[in-house]
């Protein structure tokens, strides 16, 4: 007695758990072999799939009854987690066991469950559970012997399902039948094959999706006792439950067996699948009610009549041939006479759509249901003495039987004086409209003021439509990892590398010493963002928060031009002394050949000409130098920092250049009273052009006998090129050996002559950038240049 009481207590405590875990002492394993035999229900042992989604073992259904089953591990007991049971769910007592015999047989309670003797594996067979919930033993597996449930990845085409009450079957992967009689459901367009864990059901030709497709959840396809084939998805919310995500038959009354013989199934008016049964006119209930069927009140005689039942259909018949029941009649009378002549005909269905469809109900009235989807009326044969009227009337019949009503308006009284009343009505309506208009206008004004103040607070009234994206400071801080990856410093600010959430790599420039308010800043940024040229760096966005002015550019991986040009030590430097422009990564940069340098010069010239002559608004760069020329794919040059000069004053630009220590690129007019024009950029470009040829900084003294304060780089280059006729002396020593006078002289000569014209001291003597590009292209003739006048601005 005591052991039984102890077992009952353990069982009750087990049922109180949310999921199927017997206790902390439960032993889980991935397989069961002969050495583990016997396996008893009270051993607290389960098989666990490798992914822990399924468990197998003795599943308790009462205090001393078990089924050997497979179930979802993480589905609560109250939600029916079992998906397969041995012997069609037959239970065993607590004394039952699972044993693997020496003959390779799997025995449940001494009855053969599976035989693995035919397996090709010579080792002793084991019982195991796969990730899909398939219990296998040798050649046998539970997927080939299902009950009423199909799991994801289980082959549907090779199985038959039987509902738990044994009344309904799913066969041939597409047909549902009741008591093995005629089919009431036929899957179209082709048989089912399999279901996956995301909710996709594959068919021989095609597939369909469940209502929650895409969610990886526990799923099962179940043939229920209601005769419907459904797919359930388990949703582990606050109230975990199985949710119906697909069903084969939407109208439950079309499932056979809902009502008894002659009765008619009616669907519920609610959202559930409940139904009710009623008897047709001329019939009465059996003793058990309409669920048990209906019988005639008056037996048929030679004198009959037909009662019209709209949208009623009887699908059962003892005549197997469909041709004997369905045919095309030219009119209603022919269909009616055919039924009268046939003694087995108990009624006929007819469609009023011009198709002439006629269907006779022969032998018996079975599986009747009401549905507008039938698109037909049933004419039921009853005895002429029957007094019952039809209780199934369609909308057309209701409209035909409605009584007509004549409506007429009375004439106004002869002595009626309605003028004052009409004036009062008009004045009242006018006053109401006036008051409504004033109220609406006042509401609009209040809302306008509210949103205007909000826009002013957030600074949105300055934001131009269609401009660049506005980033928040937090976004850029995250993208640059708290501004930790510094990739450059310049006169306008520091540049950091970052990555946006959409994985675009960007260069983030934090501006400094920017003048003007938010309105002016955003206007200039919008102009810069609208400049599109192959040789200009794209501006993607900006940020103005917390006193910061930040620009977000596309990232150019090649780096700036100076890292490629200035590789060798400064002339006259001591041995081992570091070059001022030296960079640990410079030695790794490839050496630019003459053709690439020419393409760089031409691309830069075209982009500056675009800024000067082709933009909607005239733009000066004001800071052209190798550090602001970036090299992209295939060494395509891209100008950066264009348009930023408008954010600085002239005095700040001069001070900035001195502070940076690279004054050699500034035109003379920057420190004179002459106005700043586009010719200032032409001068800077000419200096860069000479550096492309020589590979050294313009302020580094080359082989010359002059003192440093008298030496001028453009003048020295002019003498070497046009007086001494030694062009090789000004060439970059890194690639001087590649110079071929026949192949490269015209190109180098064009570059140097163009540079000399660009470096004239007077702005009016310099060509425009559009002409400079044509001079480099060779489309215009270049006259002999004058020697540039000495100009030097000393650094700090």
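The numbers here are math on the coordinates, done by the rules we state, and not lab data. These figures come from a predicted structure and were not determined experimentally. Using ideal geometry, Cβ is built from the backbone for each residue, glycine included, and neighbour counts are taken over all protein chains shown.
Under the rule a/c < 1.5 gives rounded, and otherwise a/b versus b/c splits prolate from oblate, where does the range 508-557 land using the Cα gyration tensor? Since a/c reaches 1.5 but b/c is at least a/b, the shape of the range 508-557 is classed as oblate. For the listed peptides 777-787, 429-439, a ranking on the average number of other beta carbons within 10 Å per residue, highest first, reads 777-787, 429-439. The Cα atoms of the range 225-274 give a gyration tensor whose axes a ≥ b ≥ c have a/c of 1.5 or more with a/b greater than b/c, which makes the shape prolate.
When 725, 360 are arranged by Cβ crowding within 10 Å, least crowded first, meaning fewest neighbours, the order is 725, 360.
Taking max minus min of the alpha-carbon positions on each principal axis, the range 727-796 gives extents of 37, 35, 18 Å, largest first.
Listed from fewest to most Cβ neighbours within 10 Å, the set 47, 616 follows the order 616, 47. Each principal axis of the Cα cloud of the range 605-646 was taken in turn, and the coordinate range along them, longest first, works out to 30, 18, 12 Å. Each peptide among 52-62, 33-43 gets the average number of other Cβ atoms lying within 10 Å of its residues, and from highest to lowest they stand as 52-62, 33-43. Each peptide in 630-637, 255-262 receives the mean, over its residues, of other Cβ atoms within 10 Å, and ordering these scores from highest gives 255-262, 630-637.
Computed with the Debye formula from one identical point scatterer per Cα of the range 275-399, without solvent, the log10 of I(q)/I(0) at q = 0.12, 0.14, 0.16 Å⁻¹ comes to -0.43, -0.59, -0.79. Ordered by the count of other Cβ atoms within 10 Å of each Cβ, fewest first, 213, 448, 232 give 448, 213, 232.
In nm², what is the average projected area of the convex hull enclosing the Cα atoms of the range 161-249? Mean projected area of the Cα convex hull: 5.9 nm².
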